[in-house]
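First up is the structure itself, then whatever we jot down about it.
What follows is calculated from the coordinates using simple rules that are stated; it is not laboratory data. Since this is a predicted model, take the numbers as computed values, not measurements. Please note: Cβ atoms are built from the backbone with ideal geometry, for glycine as well, and neighbour counts cover all protein chains shown.
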Amino acid sequence: MKVALFGGTGRTGQELLKQLLQKNIAIQALVRNPAHVKITHPLLTIIQGDVKNFESVFNTIRGTNAVISVIGYVRGSEAGFQSTALQNMIRSMEHLAIRRIIVLTGAGVPSPLDVPSWENDLLTWIIKTLAPARYSDGVNQLKLLEPTDLDWTLVRAPLLTNGPITTQYRVGYHRIGLFSRIARADVAHFITKILLENSYLRQLPLISY
Ligand SMILES: NC(=O)c1ccc[n+]([C@@H]2O[C@H](COP(=O)([O-])OP(=O)(O)OC[C@H]3O[C@@H](n4cnc5c(N)ncnc54)[C@H](OP(=O)(O)O)[C@@H]3O)[C@@H](O)[C@H]2O)c1
């Protein structure tokens, strides 16, 4: 299996690089600055470019079987860039007949299956108020994926930490509290697991402790 990875220099992305390679999954990673990739491995190919650029995204996805995106806002990110990136990925995948995509987003993206939680409503209100463009960018990703025929999974996470991998976490549409969190290493574990199992297709599972 070969995966196109977007966000491989990020904190979740570095965990994913490590865990995917441990499972002998080959990776083509699009990064803006190759010097920021700390790992070298025979199964890892680095492509330099920007997710906002269609050609860069297309060239990264070509020759792979699945796409994983853990890109996130960093200093200087343009509002709406995650949707632009996802549009580039979807267009490339449809052109190349590649079906599987896993995208990481925040717990504020709502699902009708969610257990109601005033705590999550409050956290979502805070994000919406402080960063409305980022919030709508997250929600828009679901709107982009739903009408496609792709085998998508939108993984939703509350606050991310740099804690160690535990492999023990809840997955589904459970209640999110004010202090819900999940380590990036466990997010990477879950993403690797559902990639290999081809599970949670066309779903938006929440993952937290
Ligand atoms: N932080 C949280 O508590 C939290 C909670 C829930 C969900 N999430 C979601 O989790 C995801 C990952 O979070 P994280 O903390 O692991 O992220 P992070 O460490 O901030 O990394 C962000 C990644 O996105 C990449 N990126 C940004 N703009 C790019 C562009 N234009 N072209 C190519 N790559 C670009 C960065 O590349 P460079 O190295 O080139 O900058 C970096 O690899 C995000 O989608 C976020 O929305 C975060």
Requested in this report: Among DSSP beta bridges lying fully in the chain, give the percent that are antiparallel, nearest 5.
Outcome: 10
Query raised in the report: GNM, the chain, Cα, under 10 Å: largest mean-square fluctuation among ILE39, ILE127, ILE98?
Result: ILE39
Query raised in the report: How many nm separate the modelled label positions at TYR173 and HIS36, each set 7 Å beyond the Cα in the direction of the Cβ?
Result: 3.6
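Report D for segment 2-208 in µm² per second (integer): Stokes-Einstein, Kirkwood Rh on Cα pairs, 4 °C, 1.567 mPa s.
It diffuses with D of about 76 µm²/s by this estimate.
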**Report entry** Within the chain, helix-based [θ] at 222 nm, where runs of 4 or more DSSP H residues each add -39,500 (n - 2.57), nearest 500
**Finding:** -11500 deg cm²/dmol
Report task. Please identify every one of the trypsin sites (Lys or Arg not before Pro) in segment 1-36 that sits in a loop by DSSP and has no more than 14 other beta carbons within 10 Å of its own beta carbon. Result -> LYS23, ARG32
Query raised in the report: With θ set to phi - 60° and the Karplus curve 6.51 cos²θ - 1.76 cosθ + 1.60, what are the ³J(HN,Hα) couplings of segment 27-42 in order, to the nearest whole Hz, using x for Gly and Pro?
Result: 9, 10, 10, 8, 9, 6, 10, x, 5, 7, 8, 8, 9, 10, 7, x
Query raised in the report: Amide H of GLY49: which non-local residues (sequence gap of 5 or more, or other chain) have their own amide H closer than 5 Å, using H built in the peptide plane?
Result: VAL31, ARG32
Report summary line: Checking ALA66, ALA183, ALA79 against a Gaussian network model of the chain (alpha-carbon springs below 10 Å), the top fluctuating residue turns out to be ALA79
Query raised in the report: Fewest first, what order do GLU197, GLU119 take by the number of other Cβ atoms within 10 Å?
Result: GLU197, GLU119
Report task. Please list the helices of the chain that count as membrane-span-like by this rule: a mean Kyte-Doolittle hydropathy of at least 0.0 together with Cα atoms stretching 30 Å or more along the helix axis, each helix being a complete DSSP H run. Result -> none
**Report entry** Under 5 Å, built H, 5+ apart or other chain: amide partners of ALA4
**Finding:** GLN28, ASN65, ALA66, VAL67, ILE68
